[in-house]
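A short worksheet on the structure shown next.
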Amino acid sequence: MPPHSTENHVARAFRTQVGLVEEVQESDPTCWMKMAEGLREGARPDFILWTRTNWGRDDQVEQMKFLLAAQRANVPVVGYHLDIWWGLQRQYEVYREPFFTVDLLVTADGGHDDLWASNGVNHVWFPPAVSAPEAVTGFPLDHYRSRLAFVGSHDGHYHQEHQHRHELIGWLRTNFRNDCRFFPEPGQPAVRGLDLQDLYASVDVVIGDSCFAGTGLANYWSDRIPETLGRGGFLLHPEVPGLEGHFTNAVHLATWEAGDWDRLGSLIEASLASPEARRVIRGEGRAHVLANHTYEIRMQQLMDLLVERGMIR
């Protein structure tokens, strides 16, 4: 839970390929003991995928007992997460959370290979993805209608270490105050699922951002890119080193150099004035995501990697 979470997207993707997936709710305080007992009693899943969601709990000892039981049973444990830690206040979690001692850790942070290695984390980078069943186009609705939209954390509810997000929100409010809406709106929950598909169908241009964009950090971008493009949204996103190897500027989306506000203003004006160009890019972006950036594809890539490394057969 909740239904829009990464763990449900991943479980759904695995079911399309291997069929049997048993889910364990991490927030259940007895889950670690039950899994450890099951492994000691002979349970032999091919592997266990841990999508960490509950941080700061006082169950690290139980987590370590579970990991030890998996090691003794020769069942690999793979961690999977879309966040970034290095350079943020939560970096300390790498040193204290058992999650980072799994047999293989997969994250969307491909810009810190040296730090992962020097801290003994067996890490591999996978770019973020979207769940294929959610990569559909929605219907334009008046209550989402806007020429511009920013979808994501804003108004101080984001990492202070990434000032570009706060500067971007302020710049949009100053220069496009009558054209840009910010979701979630005050007092409203985040827009998810089918509602998010309708939102993107109702907005001409979506402005995106990723943590540490503009700092030179390579190979880390928000899942907002596949999430938006997969739903048929037209996205403007700051340039990130490595992004060009997976998405083509002016074909799948449009990019600008973070901090170049004049360029962003020109890009917004040109995009708003070109509905046909937006339509073509929307179509190309969605087709590209469906072919390359779904969880169904990522989980097959993960299983291929586990076989290649001899972790599963």
Next item on the list: Among the residues of the stretch 14-32, write down those that are in a loop (DSSP other than H, G, I, E, B) and within 23 Å of I297 (Cβ to Cβ).
Entry: G19, L20, V21, E22, E23
Next item on the list: Looking at (1) in contact with a helix residue (DSSP H, G or I) (Cβ under 7 Å, 6 or more places away or on another chain); (2) open to solvent by 70 Å² or more (accessible area, probe 1.4 Å); (3) modelled with pLDDT of 95 or more, find the lone condition where T16 falls short.
Entry: (3)
Notebook entry, point to check: Could you list, in sequence order, the residues of the stretch 284-305 that are small (G, A, S) and either open to solvent by 40 Å² or more (accessible area, probe 1.4 Å) or at pLDDT below 95 (or both)?
Noted result: A287, A291
Check: Has the stretch 258-265 got any residue that is open to solvent by 60 Å² or more (accessible area, probe 1.4 Å), under 21 Å from the mean Cα position of the chain (by Cα) and acidic (D, E)?
Finding: no
Notebook entry, point to check: Which residue pairs have Cβ atoms closer than 9 Å, lie 6 or more positions apart in sequence or on different chains, and pair a first residue in the stretch 162-188 that is open to solvent by 60 Å² or more (accessible area, probe 1.4 Å) with a second residue that is at pLDDT 90 or above and of a type in the set (D, E, K, R)?
Noted result: N178/R147
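The rows are residues; the columns are (1) open to solvent by 50 Å² or more (accessible area, probe 1.4 Å); (2) within 20 Å of R313 (Cβ to Cβ); (3) modelled with pLDDT of 90 or more.
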| residue | (1), (2), (3) |
| --- | --- |
| P2 | yes, no, no |
| V21 | no, yes, yes |
| S27 | no, no, no |
| M33 | yes, no, yes |
| D46 | yes, yes, yes |
| W50 | no, no, yes |
Margin query: Taking the criterion of being within 29 Å of G245 (Cβ to Cβ) and surrounded by 15 or more Cβ atoms within 10 Å (Cβ to Cβ), would at least one residue in the stretch 57-78 satisfy it?
Written below: yes
Checklist line | Candidates G152, G193, G214, G232 - the one that is at positive phi and either open to solvent by 30 Å² or more (accessible area, probe 1.4 Å) or free of Cβ contacts under 8 Å to residues at least 60 places away in the same chain (or both) | finding: G214
Notebook entry, point to check: Here is a list of conditions, (1) touching a helix residue (DSSP H, G or I) at 6+ places or on another chain (Cβ under 9 Å); (2) closer than 30 Å to G110 by Cα; (3) hydrophobic (A, V, I, L, M, F, W, C), and F176 meets all of them except one; can you say which number that is?
Noted result: (2)
Next item on the list: Please give the number of the condition N122 fails out of (1) over 27 Å from C180 (Cβ atoms); (2) open to solvent by less than 30 Å² (accessible area, probe 1.4 Å).
Entry: (2)
Check: Counting only residues that are at pLDDT below 95 and in a helix (DSSP H, G or I), which one in the stretch 174-195 is nearest to the chain's Cα centre (by Cα)?
Finding: G193
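The values are calculated or read from the model by the stated rules, or taken from the named source; none is laboratory data. This is a predicted model, so every value here is computed, not measured. Every residue, glycine among them, receives a Cβ derived from its backbone with ideal geometry; neighbour counts consider all protein chains shown. Note: areas computed on protein heavy atoms with side chains; ligands, DNA, RNA excluded. Shrake-Rupley method; radii C 1.70, N 1.55, O 1.52, S 1.80 Å.
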